[in-house]
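A.B. asks: Sharing a structure below in C-alpha cells format, with a few things to ask.
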Amino acid sequence: FHLDYQEWLSEDPSDRWTDRVTYDGKWECNLVQFTQRVLPRLTADLKVPFRLAEGGRRVDDTEVHEAIREAFTNALIHADYRGQGGVVIVKRQDRLEFSNPGTLLLSKEQILHGGTSECRNPSLQRMFGFMGYGERAGSGFGTIRRGWESQTWRLPSISETVRPDRVCLLLPMLSVLPEGSVERVRDLYGEAVDALTGAEVQALVTAEVEGCVSNSRMQEMSDQHPANLTKLLQGLVGKGMLRQDGH
C-alpha cells in the first residue's frame, strides 16, 4: 500500500511541495509510523488558545485538533488498500485534503446526520482506538464539523469518484463568509442582498468562492431539509442571482 503526505505551503505557485512524508527507505512504512510523523505536521500551525485544566495543567488540545485527528484516522481506517492511488494527505495554506482509495459505505445523508457506522477495516479501527484516536461509532463527521464550526470556517465537503474509486474529504480553512466574497456579491446585486436570508447569502457566497453551489453542498452547511434547500436555490435562480446548470 502507498502512504503519501505533502505540504504545499509556498507562496510561489510554481514551487512543488515544501515537505513530504512517503516511503523513502528511511523509516518503516506502516500506519503507526506514518501517524506519528504526519499528525504533528498537520496540527503544527494551529493557533491554540491558552487554557488550564484542573490542577493547573495547560491544555493544548482543541476541537480543531480533534477534528483533524478524526479526519486523518478516517482516511486510514476506511481506505480500500487493494485500490489504486493509496492514501494521500495534502496540507495547503487554505485547506487540508484527505484522499483514500475506495467508495463511501454510507450515503452522504447518513454521514452528515451521524448515528450510523460502517467500517471497511474494523481491525484498524480497533487499533487506532487503542491508540486513543477515533470517535465512537457514527460520530466521526460530527466531530470534524464541530471543530470547523468552532473556528467559523467553511464546513467540510465529501466527494466520491469512480474508476478509480476514491473518496476525498476537503477541510477548507477559510471564513464561512469571507469579507471580500460578501462584498463582491453585494457589488453584483446591491441592496437586494439585504433582503435575503442568511442561508440565501451563504448559497451565493458558496457559489462565488467555490464556483458553484448545489443542494448536497448546502446540506453540508445547513440543517435545513433538502426539499427546503431546493426551494431556496430555485428562488435564487428565479431572482436572477444564480444560473441553473442541468437538472
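A.B. asks: Net charge near R82, counting Lys/Arg +1 and Asp/Glu -1 over other residues with Cβ under 15 Å of its Cβ?
C.D. replies: Working: positive: R120, R163, R166; negative: D80, D165.
Spelling it out: positives minus negatives among the neighbours equals +1.
A.B. asks: Of the heavy-atom accessible surface of the chain (probe 1.4 angstrom), what whole percent is carbon and sulfur?
C.D. replies: Working: 6870 of 14100 Å².
C and S atoms contribute 49 percent here.
A.B. asks: Suppose each label sits 7 Å from its Cα in the direction of the beta carbon; what would the L46-Y189 distance come out to in nanometres?
C.D. replies: It is 3.5 nm.
A.B. asks: On a 1.4 Å probe surface of the protein chains, which of D187, D80, D223, D60 comes out largest in accessible area, and what is the full order? Could the numbers behind the result be given before it?
C.D. replies: On the way: D187 125, D80 40, D223 150, D60 80 Å².
From most accessible down to least: D223, D187, D60, D80.
A.B. asks: List the lysines whose Cα lies under 23 Å from the Cα of K47, skipping any in the same chain that are fewer than 8 positions away.
C.D. replies: K91
A.B. asks: Could you work out which residue, out of W148, W17, W27, moves most in a Gaussian network model of the chain, that is, has the largest mean-square fluctuation with Cα springs under 10 Å?
C.D. replies: Highest fluctuation of the listed residues: W27.
A.B. asks: Give a residue-ordered list of calculated ³J(HN,Hα) values for segment 102-108 (Karplus: 6.51 cos²θ - 1.76 cosθ + 1.60, θ = phi - 60°; whole Hz; x for Gly, Pro).
C.D. replies: Values per residue, Gly and Pro as x: x, 10, 5, 8, 10, 6, 4 Hz.
A.B. asks: Further question on the same structure: Output ³J(HN,Hα) for segment 127-132: one whole-Hz value per residue in order, computed from phi by the Karplus curve 6.51 cos²θ - 1.76 cosθ + 1.60 with θ = phi - 60°, and x for Gly and Pro.
C.D. replies: 4, 5, x, 5, 7, x
A.B. asks: Kindly sort Y5, Y81 by accessible area of their heavy atoms, largest first, with the probe set to 1.4 Å. Intermediate results must be reported in sequence, preceding the final value.
C.D. replies: Numbers: Y5 0, Y81 70 Å².
The ranking, largest first, comes out as Y81, Y5.
A.B. asks: Here is a follow-up. Which whole-number percent of Cα pairs in the chain have a distance greater than 24 Å?
C.D. replies: Numbers: 16174 of 30381 pairs.
Here the tail beyond 24 Å accounts for 53 percent of pairs.
A.B. asks: Note down the nm distance, to one decimal, between modelled labels 7 Å out along Cα→Cβ at D165 and at W27.
C.D. replies: Distance between label points: 2.9 nm.
A.B. asks: Given a Förster distance of 35 Å, report the FRET efficiency between R243 and S14 from their Cβ-Cβ distance, rounded to the nearest 0.05. Working shown, then result.
C.D. replies: Values: r = 34 Å, r/R0 = 0.96.
About 0.55, to the nearest 0.05.
A.B. asks: Now for a separate question. If you build a Gaussian network model of the chain, linking Cα atoms that sit under 10 Å apart, which residue out of A71, A79, A192 swings the most?
C.D. replies: Answer for the Gaussian network model of the chain: A192.
A.B. asks: Can I ask one more? Among residues other than E7 whose Cβ falls under 9 Å from its Cβ, what is the net charge (Lys/Arg +1, Asp/Glu -1)?
C.D. replies: Numbers: positive: R20, R41, K91, R92; negative: D19.
Local net charge: +3.
A.B. asks: Find the Rg to Rh ratio for segment 167-247, where Rh is the Kirkwood radius over alpha-carbon pairs and Rg uses the same atoms. Present the calculation step by step, with values, prior to reporting the outcome.
C.D. replies: On the way: Rg = 12.5 Å, Rh = 13.2 Å.
With Rh from the inverse mean 1/r over Cα pairs, Rg/Rh is 0.94.
A.B. asks: Apply the Karplus curve 6.51 cos²θ - 1.76 cosθ + 1.60, θ = phi - 60°, to the phi angles in segment 11-28 and return the couplings in whole Hz, x for Gly and Pro.
C.D. replies: 6, 8, x, 7, 6, 7, 4, 9, 7, 8, 10, 8, 5, 10, x, 9, 8, 7
A.B. asks: How much net charge surrounds Y23 when only the other residues with a Cβ under 14 Å from the Cβ of Y23 are counted, with Lys and Arg +1 and Asp and Glu -1? All intermediate terms of the calculation are to be shown ahead of the outcome.
C.D. replies: Values: positive: R20, K26, R37; negative: D4, D24, E28.
Charge balance near Y23 sits at 0.
A.B. asks: Using 7 Å Cα-to-Cβ label points, what is the S107/S214 separation (nm, one decimal)?
C.D. replies: 1.5
A.B. asks: Kindly sort K239, K47 by accessible area of their heavy atoms, largest first, with the probe set to 1.4 Å.
C.D. replies: Numbers: K239 115, K47 190 Å².
Sorted by accessible area, descending: K47, K239.
A.B. asks: Taking a quarter of the surface of the Cα convex hull of segment 126-220, what do you get in nm²? If you can, show how the numbers build up before the last one.
C.D. replies: On the way: hull surface 33.4 nm².
Averaging across all directions leaves 8.4 nm² for the Cα convex hull.
The values are calculated or read from the model by the stated rules, or taken from the named source; none is laboratory data. Quick caveat: nothing in here was measured; it's all calculated off a predicted structure. Don't worry about glycine lacking a Cβ; one is built from the backbone with ideal geometry, like all the others, and counts go over all protein chains shown. Remember, those area values only see protein heavy atoms, side chains included, never the ligands or the DNA or RNA. Shrake-Rupley method; radii C 1.70, N 1.55, O 1.52, S 1.80 Å.
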